[in-house]
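Written out below as structure tokens is the structure these notes cover.
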Amino acid sequence: LETLFENLPTPVVRCRAREEKATITGTNPAFSETFDLEPDDATGKDLNDLLVPPEQKEKAAEIDRRALTNGSAETEVRRVTGSGLKDFQLQVAGHQPDEGPAEIYAIYTDITDQKRRERRLRQAETLFQNAQDGLFLIDVERMGNEDGYSFTIQRVNPAYEEETGLREADLRG
């Protein structure tokens, strides 16, 4: 398990959970690189104090509690890194032994680029739907071995429907 912990290309941190604190007891190299924290600078510190933006502290504590109660928790979070805020898919596994402190392992998968693309797509969709001019999206397909192309209207915006009377639903039938 230690070999797996050290060699995963994904950031992983091991913590001791006690009294609403998640005290770091170990980090893997990917964690150090992603969060720009050397192991000696992180060990002994509260994970949530180091990485969690102030407005998300209570949510972070709830994730820890859920992991200890249910054995695991998974959610999307935003965390502070050496290069600014980033979005992560967070997987947390908690273990409460009969004796001794509870342990938490957290795995961070960087989804910053994916979230950025999703925001851009939502913005583009909003622009498309709210445009004052009629717009349509087409699908272009090459026709076999011929030099021609076929064009199929895939979507229209409300302004296009109003201008032409062609409804997006009519495209499907």
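The values are calculated or read from the model by the stated rules, or taken from the named source; none is laboratory data. From a predicted model like this one, the values you see are computed outputs, not experimental measurements. Quick reminder, even Gly has a Cβ in these numbers, built from the backbone with ideal geometry, and neighbours come from all protein chains shown. With ligands, DNA and RNA removed, areas are computed over all heavy atoms of the protein, side chains included. Shrake-Rupley method; radii C 1.70, N 1.55, O 1.52, S 1.80 Å.
Structure notes:
- Taken together, the criteria exclude Thr43 from residues that are out of contact with any His (no Cβ under 9 Å at 6 or more places or on another chain), under 17 Å from Ala93 (Cβ atoms), surrounded by fewer than 20 Cβ atoms within 10 Å (Cβ to Cβ) and not basic (Lys, Arg).
- With respect to the stated conditions, Leu90 fails to be open to solvent by 60 Å² or more (accessible area, probe 1.4 Å), in a strand (DSSP E or B) and touching a residue at least 24 places away in the same chain (Cβ under 8 Å).
- The set of residues in the range 99-130 that are under 14 Å from Val77 (Cα atoms) and among the hydrophobic types (A, V, I, L, M, F, W, C) comprises Ala106, Ile107, Ile111.
- Residues that are among the small types (Gly, Ala, Ser) and part of a helix (DSSP H, G or I) were ranked within the range 154-171; the one that is surrounded by the fewest Cβ atoms within 10 Å (Cβ to Cβ) is Ala169.
- Pro53 being of a type outside the set (Asp, Glu), surrounded by 12 or more Cβ atoms within 10 Å (Cβ to Cβ) and in contact (Cβ under 8 Å) with a residue 40 or more places away in the chain: no
- Yes/no for Ala106 being of a type in the set (A, V, I, L, M), closer than 15 Å to Thr23 by Cβ and part of a strand (DSSP E or B): yes
- When restricted to residues that are touching a strand residue (DSSP E or B) at 6+ places or on another chain (Cβ under 8 Å) and either at pLDDT 95 or above or open to solvent by 80 Å² or more (accessible area, probe 1.4 Å) (or both), the range 1-11 contains 1.
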